[in-house]
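> I have a structure I would like to understand better, so I am pasting it below and will then ask my questions one at a time.
The values are calculated or read from the model by the stated rules, or taken from the named source; none is laboratory data. Since the structure is predicted, the reported quantities are computational estimates derived from the model, not experimental observations. Positions of Cβ are generated from backbone atoms using ideal geometry, with glycine treated the same way; all protein chains shown enter the neighbour counts.
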Amino acid sequence: MGMKKKHFERRHLVELFMKTLMRIALVIVAGALGLILWTIISRGFPAMSWEMVSQSPKGGFYMGKEGGVLNAIIGSLYLGAGSTLLAIFFSLPIALYLKTYLGDSKWGEYVRLSLDVLWGIPSIVYGAFGFTLMIAFGLRASLLAGIIVLALIELPIMTRAMDEVIRRMPADLEHAALALGSTKLEVALRVVTRQMLPGITTAILLAFGRGIGDAASVLFTAGYTDRIVNSLTRPTASLPLAVFFQLGSPYPEVQQRGYAAALILTIIVLAVSLGSRWLSARLNKYTVK
Amino acid sequence: MDTHIQVKNLNVYYGKQQALKGINIEIPKKQITVIMGPSGCGKTTLLKTFNRFLELTDGAQITGEVLVDGENIYDQEVDVTEVRKVVGLLAQRPSPLPMSIYENIAYGMHIHKMKKDRSEYKAAVRHYLEIAGLWEEVHKRLHDPATSLSIGQQQRLCLARGLAVEPEIILGDEPTSALDPISSQNIESRLLDLKQQYTTVIVTHTLRQAKRLADYVIYMYLGEVIEAGPAKEVFTNPKHERTKQYLEGLF
């Protein structure tokens, strides 16, 4: 019986064709990513200097030709950290409640559907919603308003991501804990969170990355300023808006600052991504595979 | 016979299908009872009614009573977590909790607040690991993940963990079927050692294991109890034809 390769057999040709298509797709995606990174790095890097990351803009409003984007860096870190912490406060209990008490029931599906819809709402709509609330309460643009709106955006993302992870909980583990006389709450808090810690961390950092990079929602709610924010009730600069405003100016020095802000934002998100992978690996120590 | 568990008119339905039909049996205290029968006869279903695990399956309906020392565990006033403290389960596949070896054993004692301080917990963890025959092998690495143990060691860990909540009854759902012969023998000898302190009920599909372990035997077929009695009687002089056939290996 001849088992030599039949190169021109139809199904092998089809496989070769598909492999080639997949490779082309991979090249396009990697190429696009590379091109984006290249543009940001090549234009932002020349503008990077110690002043850029350690000073606020000088010489008149954000269009000033000197100084850096420290106001935006600090502002974004405050916005990102504040909103993520606020979102965790709600997301983790909701995700655990979904798992423990709602499971796959009708109500559970309604909650998941609502979260999916909220996830899909464009961030400028959240921004408009936040703005309307601010007018109704007579508030001005502030760090706090920005934190609240970003937390609203992050909440469905974080909750759904956590939910997806928690749903994969091996039933054996839960049963083992229940067999010892645990209440459902004890199983959720002592066993599920331990087992799902890497996944939960990833969910949190995913939402953080989304929040820190959002421009449309902070546009009306957090405002903008060329000073470093020092109170929850004052407006704050943010990196996405720094990019937006500065790229739109006619001065090349200001535009350069815009690219630098974009580069800094990319670096922050990259660091968070890598950090989340590292942390997940560390937290994997006790999980049951 | 000193009865520990009494089952009265127990019927179990999975949706429209009836899995257990009119069960009326008694489980003797401080002996090893083996529930045996061919696949699908309902032995695991019956076992799971003893620690109210059946409720975890969607669509399972139970009628009748299961009395432990005269108290109906299905009564509305009864706390299911207390039932599961009194009736422990050793599952077929070892499931260590996602924690260290030490924390696995201490888990049950923590949730039921059974000890006063750290030194009491440490002493108790050591005690139960010794009973399960695991202390020598793990005492130098108590804070390693429980998943780093071999499967036979994990099952012994699960046994120690279950004993740590001081149950009166130990249920075993084919506790050695996932293990290699040496680990199986290990678990079997542990169970034999423990039989004077705990009432043990084991489900097995291996007749040989039943013969090695049983003091009391319950034979089931298609959701009904065909015969129940002391092991010596049932194995040497079965009263029902079906039991005879099963023992002779006809099916």
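> Taking only segment B:48-66 into account, find how many residues are in contact with a Phe, Trp or Tyr (Cβ under 8 Å, 6 or more places away or on another chain) and hydrophobic (A, V, I, L, M, F, W, C).
Residues that pass the stated criteria total 3.
> Next question. Among the residues of segment B:82-102 satisfying the criterion of being in contact (Cβ under 8 Å) with a residue 12 or more places away in the chain and assigned to a helix (DSSP H, G or I), which is farthest from residue B:158 (Cα to Cα)?
Per the criteria, the residue is B:83.
> If you check residue B:121 against the conditions, is it out of contact with any Ser or Thr (no Cβ under 7 Å at 6 or more places or on another chain), within 14 Å of chain A (Cβ to nearest Cβ), surrounded by 14 or more Cβ atoms within 10 Å (Cβ to Cβ) and over 22 Å from residue B:174 (Cβ atoms)?
No, not satisfied.
> Report, ordered by the first and then the second residue, all pairs with beta carbons closer than 6 Å, sequence separation of six or more or different chains, a first member in segment B:47-59 that is within 11 Å of chain A (Cβ to nearest Cβ), and a second member that is part of a helix (DSSP H, G or I).
Matching pairs, first to second residue: B:48/B:54; B:51/B:84; B:52/B:80; B:52/B:83.
> Looking at this structure, is residue A:205 within 14 Å of another protein chain (Cβ to nearest Cβ) and either among the hydrophobic types (A, V, I, L, M, F, W, C) or not in a loop (DSSP other than H, G, I, E, B) (or both)?
The answer is no for residue A:205.
> Against the condition more than 14 Å from chain A (Cβ to nearest Cβ), under 15 Å from the mean Cα position of the chain (by Cα) and at negative phi, how does residue B:185 come out, does it pass?
In short, no.
> Just give me the residues in segment B:30-84 being over 20 Å from residue A:185 (Cα atoms) and hydroxyl-bearing (Ser, Thr, Tyr), in sequence order.
Within segment B:30-84, B:33, B:39, B:44, B:45, B:49, B:63, B:74 meet the criteria.
> Can you tell which of B:162, B:133, B:108, B:152 is assigned to a helix (DSSP H, G or I) and more than 18 Å from residue B:88 (Cα to Cα)?
B:152
> When you scan segment A:111-139, how many residues do you find that are polar (S, T, N, Q) and loosely packed, with under 13 Cβ neighbours inside 10 Å?
Going through segment A:111-139 one residue at a time, the tally reaches 2.
> Using the structure shown, decide if residue A:162 is assigned to a helix (DSSP H, G or I), in contact (Cβ under 8 Å) with a residue 12 or more places away in the chain, within 30 Å of residue B:91 (Cα to Cα) and assigned by TED's automatic domain parsing to the domain that holds residue A:201.
Criteria met by residue A:162.
> While we're here: For segment A:189-200, check the following and say yes or no: at least one residue is within 13 Å of chain B (Cβ to nearest Cβ), in contact with a helix residue (DSSP H, G or I) (Cβ under 9 Å, 6 or more places away or on another chain), assigned to a helix (DSSP H, G or I) and free of Cβ contacts under 8 Å to residues at least 24 places away in the same chain.
Yes - at least one qualifying residue is present in segment A:189-200.
> Go through segment B:60-78 and report how many residues are part of a loop (DSSP other than H, G, I, E, B) and either within 14 Å of chain A (Cβ to nearest Cβ) or not aromatic (Phe, Trp, Tyr) (or both).
The qualifying residues number 7.
> Moving to a separate point now. Looking at A:181, A:223, can you tell me which residue is assigned to a loop (DSSP other than H, G, I, E, B), free of Cβ contacts under 8 Å to residues at least 40 places away in the same chain and not charged (D, E, K, R)?
It is A:181.
> Same structure, new question: Please state which one of A:142, A:91 is surrounded by fewer than 22 Cβ atoms within 10 Å (Cβ to Cβ), away from chain B (no Cβ under 14 Å) and within 23 Å of the chain's Cα centre (by Cα).
Step by step, each of A:142, A:91 is checked, and only A:142 is surrounded by fewer than 22 Cβ atoms within 10 Å (Cβ to Cβ), away from chain B (no Cβ under 14 Å) and within 23 Å of the chain's Cα centre (by Cα).
> Looking at segment B:197-230 only, could you name the residues that are farther than 19 Å from residue B:48 by Cβ and modelled with pLDDT under 90?
Scanning segment B:197-230 gives B:206, B:207, B:208.
> Only one of these conditions is not met by residue B:15: (1) farther than 30 Å from residue B:153 by Cα; (2) at pLDDT below 90; (3) within 14 Å of chain A (Cβ to nearest Cβ). Which number is it?
So residue B:15 meets the others, but not (3).
> If you scan segment B:227-251, which residues turn out to be touching a residue at least 40 places away in the same chain (Cβ under 8 Å) and within 21 Å of residue B:171 (Cα to Cα)?
Residues satisfying the conditions are B:228, B:231.
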